[in-house]
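Only one structure is covered here, and it is reproduced in the block below.
The values are calculated or read from the model by the stated rules, or taken from the named source; none is laboratory data. This one's a predicted model, so the numbers in the text were calculated from it and none came from an experiment. Neighbour counts are summed over all protein chains in view; Cβ atoms, including those assigned to glycine, are modelled from backbone coordinates with ideal geometry.
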Amino acid sequence: MPKTEYATQLVRDRKRWFACIPVYEETTSSNQLNKVIALDPGVRTFLTGFDGDSFLEFGKADIGRIQRLCSHLDKQMGRIAKTNIRKEKRSLISAASRLRIKIRNLIDECHKQVSNFLTSNYKVVFLPTFETSEMVVKSTRKLRSKTARQMLNWGHYRFERHLKQSAKKRGVAVIDVNESYTSKTCTNCGFKHDQLGGAKIFKCPNCHQKIDRDWGGARNIMIRALRDGSFSLRINSQGIAITNDLFFQRCPV
C-alpha cells in the first residue's frame, strides 16, 4: 500500500459534518505581477486598498446585508429568551443557528473573493497587524456596541489567515504593518487629528484637506510600510526580494 502522508479528518460544526482532506498544491507565481497594495480594515467597508494609482473598496455592498441579518438574529434571541414553551424554544434556537451559519458563509465568501483578487493582481500586500478582539474591549473602546459587533462579524483575523494561505500558494508576499494612528494622520501635512472620533470624512484642522477616512488610512499604511519599515522591495521576474539590515527573505517562484 502507498504511504499516507496526510490524515483525513471528519469535523462536526453546528450539527454539520465536514470531511477535511489535505491536498498538496505546488506554489505558482505569475511573472507579470509587479504591483503593491496597502490595506486598511474597517467596519463600514471591509477593506480599503491603495496601490499607488487608485483606491479600491472591498465588501462595501455587503455591510447592509450583514446588518439586516444581525438585526434579525437579535430579534430571534429576544424571542428565545421570552418563550417558556419547550418546542417553540427548540425551533427558535434551530432557526438562530441557521442564521449564524448564513452570516458566517456570507463573510467567508467575501474573504475568498477578496483574497483571490488580491493574490491574482498584486505581488506584495501590506496588511495591518489588526486584532479585532483588541478593538471591542468595552473598557477602552470608543466604538458603539453595534459597530463593535459588525467588526467581529467581519472576521478580519479569519481573513488574514485565508489571505496568507492563498498568498503562499501563489508566491505573493504579505507583510504585516503597524496601523497605529494611520487613520488620524493627515495625508497632506502629516497633522495628527486626535479629535477625529468616528467621522467618515477626515477634515484636517491644520491644512483643511478633506479625504475619506478609510482612503487616508490605506494611503498612510502604504507610506508607513515603504518609508518607515526599514526594508526595501525589489520585484523582478525571479520573484520578490525583501531586504533590510536584519534579514533577507525571498518568496518562492
Within the range 107-123, is even one residue buried (at least 18 other Cβ atoms within 10 Å of the Cβ), in contact with an Asp or Glu (Cβ under 8 Å, 6 or more places away or on another chain) and modelled with pLDDT of 90 or more? yes
Within the range 49-101, which residues are without any contact (Cβ under 8 Å) to a residue 60 or more places away in the chain and of a type in the set (Gly, Ala, Ser)? 54, 61, 64, 71, 78, 81, 91, 94, 95, 96
Of (1) in contact with a helix residue (DSSP H, G or I) (Cβ under 7 Å, 6 or more places away or on another chain); (2) modelled with pLDDT of 85 or more, residue 72 fails just (2)
If you take the residues in the range 192-209 that are under 25 Å from the mean Cα position of the chain (by Cα) and not in a loop (DSSP other than H, G, I, E, B), which one is surrounded by the most Cβ atoms within 10 Å (Cβ to Cβ)? 202
Hey, residue 37 at pLDDT 80 or above and either closer than 30 Å to residue 217 by Cα or part of a helix (DSSP H, G or I) (or both) or not: yes
Step by step: first the residues of the range 165-191, then only those that are surrounded by fewer than 19 Cβ atoms within 10 Å (Cβ to Cβ) and among the small types (Gly, Ala, Ser), then the one that is farthest from the chain's Cα centre (by Cα). Which residue is that? 190
